[in-house]
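Working notes, structure below.
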Amino acid sequence: MFRIGQGWDRHPLAAGRPCILGGVAFPDSPVGPVGHSDGDAVCHAITDALLGAANLGDIGRHFPDTDPRWAGANSLELLREVVGLVQKAGFRVSNIDCTVITEQPAISPRAAAMQDALAGALQIASDRVSVKATRGEGLGPEGRGECLTVQAVALLMTGQGDE
Ligand code: MG
């Protein structure tokens, strides 16, 4: 049996903020996401996709941004925690696909590293994690460089024969 879920996240970008996406640092990025946690919108979108597929609520319910425990939180660790919840509910992750919409940083040079880091947290092979990127082409807040947005889709499976 399969379950599908989608996730979406957007964070403002600001100069001088550390930039961590998909659990990977972008030390040469002039901007980074602003957020209560580390602002890793890739991890957040994937976390929400997993929670949606398992019908376990959303990331704000599990890690509220009003809780000081999650200030500066490592979002890859939050993702790992949600993978545990999904497994406890009887699911395994089949695959993930996500798209990062941003002007900067450039995603593609580190996409493979992001896939490896995410796959580690998801406990699946890297070839089951797709990280894609596109730009806003001057349109909307992404195109003006004001924010980055991430869309993610997660497929979960229950049976042994679902591979
Ligand atoms: Mg977020």
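At 222 nm, what helix-only mean residue ellipticity would the chain give, in deg cm²/dmol to the nearest 500, using -39500 (n - 2.57) for each DSSP H run of four or more?
-8500 deg cm²/dmol
Ranked highest first by the average count of other Cβ atoms within 10 Å around their residues, in what order do 12-20, 58-66 fall? Numbers along the way, then the final one.
On the way: 12-20: 16.0, 58-66: 14.0.
Ranking, from highest mean packing down: 12-20, 58-66.
Tell me which DSSP H helices of the chain clear both cut-offs, 15 Å or more of axial length from alpha-carbon atoms and a mean Kyte-Doolittle hydropathy of at least 1.0.
Span-like helices here: 41-53, 111-122.
How large is the accessible surface per residue of the chain, computed with a 1.4 Å probe and reported in Å² as a whole number?
Details: 7650 Å² over 163 residues.
Per residue, the chain has 47 Å² of solvent-accessible surface.
Quantify, in whole percent, the carbon and sulfur part of the accessible surface of region 2-157 (1.4 Å probe; protein heavy atoms only).
Roughly 52 percent, rounded to a whole number.
Given 0.36 nm per residue, what is the gain on full extension from Ser126 to Ala112 after removing their alpha carbon distance, in nm?
The span from Ser126 to Ala112 would gain 4.2 nm if fully extended.
Give a residue-ordered list of calculated ³J(HN,Hα) values for region 134-142 (Karplus: 6.51 cos²θ - 1.76 cosθ + 1.60, θ = phi - 60°; whole Hz; x for Gly, Pro).
Running phi through 6.51 cos²θ - 1.76 cosθ + 1.60 with θ = phi - 60° gives 8, 10, x, 6, x, 9, x, x, 5 Hz.
Students often get this wrong: which residues of region 42-60 have the backbone nitrogen under 18 Å from the point 7 angstrom along Cα-to-C-beta of Thr158?
Output list for this probe position: 50-57.
How high is the relative contact order of the chain, given as a whole-number percent (alpha carbon pairs under 8 Å, six or more residues apart)?
33 percent
FRET efficiency for Arg135 and Gln87, Cβ-Cβ distance as r, R0 = 41 Å, nearest 0.05?
Efficiency at R0 = 41 Å is approximately 0.70.
The values are calculated or read from the model by the stated rules, or taken from the named source; none is laboratory data. None of these values were measured; they are calculated from a predicted model. In this analysis, Cβ positions are derived from the backbone assuming ideal geometry, glycine residues included, and neighbour counts consider all displayed protein chains. Keep in mind that these areas ignore ligands, DNA and RNA; they rest on the heavy atoms of the full protein, side chains included. Shrake-Rupley method; radii C 1.70, N 1.55, O 1.52, S 1.80 Å.
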